[in-house]
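Worksheet: one structure, shown below.
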């Protein structure tokens with residue numbers, strides 16, 4: 001993992017999101033990284049600070065990959081994420097998650113492993129990659145089905161921001177994160 005030089009307050013990161021250029025009324029942010037890297041902790045911390053942030057969890061679109069599936073067998077229904085969440089919001093129409101409407105405007109963060117699949121990457125106005133050492137990730141959670149093959153495709157390439165989700169900053173992780181501009 002590359003050296004992360006800056007420690008940033010979470011509320012400053014929320015401000016950065018609000019100033020991020022967006023293509024449509026809703027800012028679409030993808031937060032991805034290996035299992036156990038701290039994506040959910042980061043995302044929920046941001047959402048607690050700002051009621052305009054809606055979180056869409058990739059876990060809500062989990063599926064069991066077919067053992068004989070050709071190519072990368074991912075454990076999420078990325079087509080549903082694209083068709084129910086991303087495409088509607090990209091056309092200034094409400095999206096949906098688990099039967100609930102996702103309103104137009106504000107900030108929508110799609111969080112979880114596989115959120116930066118090649119088929120979804122171009123949908124985001126901003127992409128954040130969260131990483132932690134393998135030891136930290138393994139202690140939190142093991143890899144998901146298809147994750148190793150996915151990570152071999154280097155989905156972190158092109159991320160706008162890299163966040164250290166290890167919890168290693170001396171400051172309270174609920175308020176500060178280490179970031180690296182890409």
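The values are calculated or read from the model by the stated rules, or taken from the named source; none is laboratory data. In this text, all values refer to a predicted model and were calculated from it rather than measured experimentally. Virtual Cβ from ideal backbone geometry, glycine too; neighbours counted across all protein chains shown.
Residue by residue, here is whether (1) surrounded by 15 or more Cβ atoms within 10 Å (Cβ to Cβ); (2) more than 14 Å from residue 58 (Cα to Cα); (3) in contact with a strand residue (DSSP E or B) (Cβ under 6 Å, 6 or more places away or on another chain) holds:
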| site | (1), (2), (3) |
| --- | --- |
| 99 | no, yes, no |
| 106 | yes, yes, no |
| 112 | yes, no, yes |
| 120 | yes, no, no |
| 125 | yes, yes, yes |
| 139 | no, yes, no |
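Return the residue satisfying two criteria in turn: it lies in the stretch 54-95 and is within 12 Å of residue 146 (Cα to Cα), part of a loop (DSSP other than H, G, I, E, B) and touching a helix residue (DSSP H, G or I) at 6+ places or on another chain (Cβ under 7 Å), and of such residues it is modelled with the lowest pLDDT.
72
Go through the stretch 131-149 and report how many residues are under 15 Å from the mean Cα position of the chain (by Cα) and modelled with pLDDT under 80. First the steps, then the outcome.
In the first step, residues of the stretch 131-149 are kept if they are under 15 Å from the mean Cα position of the chain (by Cα); the result is 131-132, 147.
Those left that are additionally modelled with pLDDT under 80: 147.
Qualifying residue count for the region: 1.
Mind listing whichever residues of the stretch 29-41 are in contact with a strand residue (DSSP E or B) (Cβ under 9 Å, 6 or more places away or on another chain) and surrounded by fewer than 24 Cβ atoms within 10 Å (Cβ to Cβ)?
40, 41 - these are the residues of the stretch 29-41 that are in contact with a strand residue (DSSP E or B) (Cβ under 9 Å, 6 or more places away or on another chain) and surrounded by fewer than 24 Cβ atoms within 10 Å (Cβ to Cβ).
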